[in-house]
Amino acid sequence: MRERIPVVVQGRRTRRSRAARALWTGAELAVTLGVVLLLLVVHQLWWTNRQAQRAAHDQVDRLERQWEARTAAPAAPRRPGDDGSAEQAARGGPPSGASGASGRRAAGRDPAPPRNLAYAVLRIPRIGLTAPVAEGVGKAAVLNQGYVGHYPHSARPGERGNVALAGHRNTHGEPFRRLDRLRTGDTVLIDTAAARYTYVVRRTLARTTPGDGTVLAAVPYSSVHPAARFTAPGAYLTLTTCTPEYTSTYRLVVWGVLRSTQSR
């Protein structure tokens, strides 16, 4: 009598094991993806802030040391005529030391800063902000460094026109994180090598479109919200950032006017 060899059918079990492996692999990929996304969020919301805030703080310290050294340096003795008064008189113009507001302003005028270089310090007591101001609003070179950026086409601090500044509200130092807390009458200080300029907040535009470029005009106004406008030439300050938080859908705008200038 022949012995029969039993035949084991493994098709169904094989299909089940493949499905289990596929589910396990999918679960591993999902967990890995979740960890990667979590690390990206931590990097954006914590690490970039830490790096940028440290760099911005160091830059403020560097600027202040430079200004202190410049102020403490003894002035070179002058001989009669070194101030250029004789040359001015020969040309028929006033001497270089002539009194008057325009003469004082020209003498203390800040030199044009190079692009992407920090040259001023912005201070807003209401929100506890101290941040360096750099020329330009490029993300990589300025805003992502934790700096506040100065629109190059706008007026420089203390000048007539509109000093327009921009900064991140979230990530990369987020200097304008609490810009929405500013109220009418709050002070905004801009320190440079030449002077301290004190601005006073006059108006806030809580939300406008990114294309509302007239908020940066020499006499600022909103083309989206016609009621929000200034009508006369003056020395204005405009602060802009994204809103709501963690988005770039709209822009938050704060306007101020120059109240005083204190030369160094």
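Distance from a point 7 Å along Cα→Cβ of GLU245 to each backbone N in segment 161-177: keep the residues under 18 Å and list them by number.
167-177
If we count other beta carbons within 10 Å of each Cβ, what is the order of TRP255, TRP24, fewest first?
TRP24, TRP255
Under a 5 Å amide H to amide H cut-off, with H placed in plane at 1.01 Å, what residues pair with ASN162 once short-range neighbours are removed?
The answer is ALA155, TYR236.
Lys and Arg at +1, Asp and Glu at -1: add these up for the other residues within a Cβ distance under 13 Å of ARG259 and post the number.
Local charge sum for ARG259: +1.
Please report ASP180, ASP191 as a ranked list, fewest other C-beta atoms within 10 angstrom at the top and most at the bottom.
In order of increasing Cβ crowding within 10 Å: ASP180, ASP191.
Which part of segment 193-237 falls in the paramagnetic zone of GLN262, meaning amide N under 15 Å from the point 7 Å along Cα-to-beta-carbon?
Residues passing the 15 Å test: 193-200.
TYR250's amide H: which non-local residues (gap 5+, or another chain) put their own amide H closer than 5 Å, with H modeled 1.01 Å from N in plane and none for Pro or chain starts?
Here the answer is THR243, since their amide H atoms fall under 5 Å of that of TYR250.
Taking a ≥ b ≥ c as the square roots of the Cα gyration tensor eigenvalues, with a/c under 1.5 meaning rounded and otherwise prolate when a/b beats b/c, else oblate, which class fits segment 142-264?
Taking the square roots of the gyration eigenvalues as a ≥ b ≥ c, segment 142-264 is oblate.
No lab work stands behind these numbers, since they all come straight from the coordinates. The shown structure was predicted, so the numbers you read here are calculated from the model rather than taken from an experiment. Neighbour counts run over all protein chains shown; Cβ positions are idealised from the backbone, glycine included.
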